[in-house]
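Colleague: Please find one structure pasted underneath; my questions will follow.
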Amino acid sequence: MYTIIRKSLLELVFSGSFMKRWNDKLRPMELVEVDKQGHKMITAWLLFMLSSRNLSLDERLRLGDEIVEGGLFDYFYRLVITDIKPPVFYQIKANPADYRKLTSWVLDQLRPRVTSLGEETWERMTRHLMNPVDDTPARRILLAAHLFASYSEFKLLKTLNRADDEMAEIEKSFVDRLRGLEDLPGVTDLLAGSESVLGRFAGICGHLRFQKRWSQTPRIPETSVLGHVFVVAAFAWFFSLEVGACRARRQNNFFSGLFHDLPELLTRDIISPVKLSAPEIADLIKAYENRELQRLVMDPLRTNGFADVAGRLGYYLGQETGSEFTAAVVENGHARAMSSTELSRDCNRDELDPKDGELLKMCDKLAAFIEAYTALRTGITSDQLTQACWRIRQQFHEDPVVAGVHIGALLADFA
């Protein structure tokens with residue numbers, strides 16, 4: 001069975017934007033599942049980078065596939081069991097018979113939407129979810145990333161819930177479980193927080209949840225930059241499967257999606273009309289982003305033993321090719337830009353470390369379209385949202401196939 005991406009799968013991924021977290025606690029802001037997943041997978045990437053330093057290419061790619069797929073599978077599961085509080089779920093998980101019953105039901109709910117990814121992916125997902133033991137490097141990395149992202153949320157609401165008797169026990173559980181994973185490279189840095197360069201970087205990436213997209217336009221749901229990058233990354237992974245991308249290419253597309261808006265830590269989410277108002281303004285914003293990114297992110301990483309992390313971020317952000325939305329391969333240690341057609345035809349090989357540009361840009365626009373489309377469907381009347389949907393539809397009506405993806409036909413399903 002081939003991978004054919006459907007509207008229902010895309011909407012399933014986006015549905016985490018509605019899913020509230022910590023909804024039995026006093027919160028300074030709404031915390032939603034899709035934001036947590038973005039922070040989790042960014043953290044998982046950091047731990048993956050450190051754990052794969054001494055691995056062969058094949059071993060590294062195998063680990064990367066397991067981390068990305070495992071993260072997505074766990075997210076799908078979470079979307080279905082949203083109403084089960086964690087303490088209750090952990091009790092169910094501790095009883096193998098009860099857990100298998102629950103998981104069988106979850107898989108039945110997911111099947112209509114997820115089987116479009118192909119039978120092999122569905123079988124891997126079934127095996128992953130039916131065996132919840134965190135006994136592999138990939139699953140332990142995902143567990144550590146999950147705990148760190150959730151603990152980061154906990155810290156936001158900790159001071160507002162001092163009278164809550166559960167808070168001390170919850171915090172102790174996070175810290176104890178993370179300490180139990182300190183044999184993984186990078187976990188000690190995460191626990192050190194801002195005292196560690198890596199911990200500080202992982203922490204500030206979570207701040208992207210504070211930056212709302214479409215900040216001048218009322219929407220339901222409101223979405224943050226952190227949730228948006230996770231949605232773009234998931235879309236990039238799905239479409240990479242659809243076009244038959246090699247392992248390195250699909251992983252690069254996923255992680256490039258996760259980090260494509262990283263510079264907005266420094267500039268906020270600047271709306272397109274401002275960026276496009278004049279070439280000199282766009283150039284000014286880009287230059288400022290690059291300068292501050294080097295000063296606040298890249299240089300501290302390079303000077304504190306994480307030059308490989310900084311280099312990889314630079315590749316995802318297209319620092320050598322001029323844009324994160326430029327297709328590229330790595331040759332002799334340097335990125336080389338090329339067209340999407342050339343990449344698909346001649347460079348879809350793991351050893352070339354390829355990443356797509358046009359496909360990532362298409363996923364970025366598709367995520368924006370679904371944000372606007374969903375808000376309109378929930379009853380929000382807005383010229384900005386209507387015009388955004390029209391512009392994106394029109395663009396892909398005129399150019400319906402992008403990087404091998406029939407995006408025009410897919411958008412036609414959004415009536």
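The values are calculated or read from the model by the stated rules, or taken from the named source; none is laboratory data. In this text the structure is predicted, and so the values were computed from the model without any measurement. So basically every Cβ, Gly included, is an ideal-geometry build from the backbone, and we count neighbours across all protein chains shown. SASA here: full protein model, heavy atoms, side chains in, ligands and nucleic acids out. Shrake-Rupley method; radii C 1.70, N 1.55, O 1.52, S 1.80 Å.
Colleague: Is it the case that Gly193 is closer than 25 Å to Ala310 by Cβ, assigned to a helix (DSSP H, G or I) and at pLDDT below 95?
Modeller: Here the answer is yes, as Gly193 does meet what is asked.
Colleague: If you don't mind, another one. Looking only at residues in the stretch 1-51 that are of a type in the set (S, T, N, Q) and not in a loop (DSSP other than H, G, I, E, B), which one is farthest from Leu72 (Cα to Cα)?
Modeller: Ser51
Colleague: Next question. Of these, Thr43, Thr3, which one is crowded, with 16+ Cβ neighbours inside 10 Å and modelled with pLDDT under 95?
Modeller: Answer to the check: Thr3.
Colleague: Restricting attention to the stretch 175-190, which residues are surrounded by fewer than 19 Cβ atoms within 10 Å (Cβ to Cβ) and in a helix (DSSP H, G or I)?
Modeller: Hits for the stretch 175-190 are Val175, Asp176, Arg177, Arg179, Thr188.
Colleague: Residues that are open to solvent by 70 Å² or more (accessible area, probe 1.4 Å) and under 20 Å from Arg177 (Cβ atoms), at least 2 per element: which helices (runs of 4 or more DSSP H) completely within the stretch 68-146 meet that?
Modeller: Fully inside the stretch 68-146 and qualifying: 86-93.
Colleague: Ile81 is checked against (1) of a type in the set (A, V, I, L, M); (2) closer than 26 Å to Leu12 by Cα; (3) under 18 Å from the mean Cα position of the chain (by Cα) and fails just one. What number does that condition carry?
Modeller: Exception for Ile81: condition (3).
Colleague: Quick check on my filter: what residues within the stretch 46-62 are closer than 26 Å to Ile204 by Cα, open to solvent by 20 Å² or more (accessible area, probe 1.4 Å) and aliphatic (A, V, I, L, M)?
Modeller: Passing the criteria: only Met49.
Colleague: Does Leu301 satisfy the criteria of being at pLDDT 90 or above and surrounded by 16 or more Cβ atoms within 10 Å (Cβ to Cβ)?
Modeller: Criteria met by Leu301.
Colleague: State whether the residues of the stretch 323-333 include one that is modelled with pLDDT of 95 or more and part of a helix (DSSP H, G or I).
Modeller: No, because not a single residue in the stretch 323-333 is modelled with pLDDT of 95 or more and part of a helix (DSSP H, G or I).
Colleague: Looking only at residues that are part of a loop (DSSP other than H, G, I, E, B) and surrounded by fewer than 18 Cβ atoms within 10 Å (Cβ to Cβ) in the stretch 244-294, which one is modelled with the highest pLDDT?
Modeller: Gly244
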